[in-house]
Amino acid sequence: MGDEERVNVDEIEEEEGGGRLEEAGPKTDISRIVKILLYVVGAILIIFLMVGISYLVSKYVQEKKYAKEQDIVVAPPPPPLSHFDLPTFSITTNDVEPHMARITVSLGYDNNPEMNAELVQRAVQIQHIINIVLRGKSYQDLSKVEDVLNLSEEIKAHVNVILIAGKVKDVYFKDFVVN
């Protein structure tokens, strides 16, 4: 009997296990379908989140860019400065092998009759100052654009020291030739 019971128990377990397998088969398929659907729904939600966040970020960036563009105020250019023309300066550079330079300078200032009168009175003194500044320059000091701009600022600073009625705003070089 022990063997029969054992066989019956094994048979019963096989039948129950087989029944469980049959019952587990459709449940497993359903659970797999549910898992797949959950993954698909999750992926769709993630895609919608990414698109939504991207839209919000791009909208924010465009608003900031537009705000920066709106901060720029287009103002009309300032009126041109009055100018006082000086005669042409012909100098030799301060080099071992000297070069010739011909420079015509014009001083720009705000329209002020007092300033114009002072510039006329001090024209010889201004020419002297510019001659002294130019005599100390070498060919290297006059060859680059940055150097010419620095020369302009240097002339402006030296001339403004002697002026009382106003200040020179800019120095223009009408002619600038260095051989």
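Readers should treat all values here as calculations from the given coordinates under stated rules, not as data from a laboratory. This one's a predicted model, so the numbers in the text were calculated from it and none came from an experiment. FYI the Cβ positions are ideal-geometry reconstructions off the backbone, even for glycines, and counts take in every protein chain you see.
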When Ser82, Ser90 are ordered from fewest to most other Cβ atoms inside 10 Å of their Cβ, what list results? Ser90, Ser82
Could you work out the relative contact order of segment 116-179, using alpha carbon pairs under 8 angstrom and six or more residues apart, expressed as a whole percent? 34
Two-decimal ratio, segment 82-178, of alpha-carbon radius of gyration to 2.2 N^0.38 Å: 1.07
Two pseudo-spin positions, 7 Å from Cα along C-beta at Val161 and at Asp110, lie apart in nanometres by 2.4
Could you run the Karplus curve 6.51 cos²θ - 1.76 cosθ + 1.60 with θ = phi - 60° over segment 87-92 and give me ³J(HN,Hα) per residue in whole Hz, x for Gly and Pro? x, 5, 9, 10, 9, 10
For Ile91, Ile30, ascending order of other Cβ atoms within 10 Å (fewest first) is Ile30, Ile91
When Phe84, Phe176 are arranged by how many other beta-carbons sit within 10 Å of their Cβ, fewest first, they go Phe176, Phe84
Testing the spin-label approximation: label points 7 Å from Cα along Cα→Cβ at Val51 and Glu63. State their distance in nm. 2.2
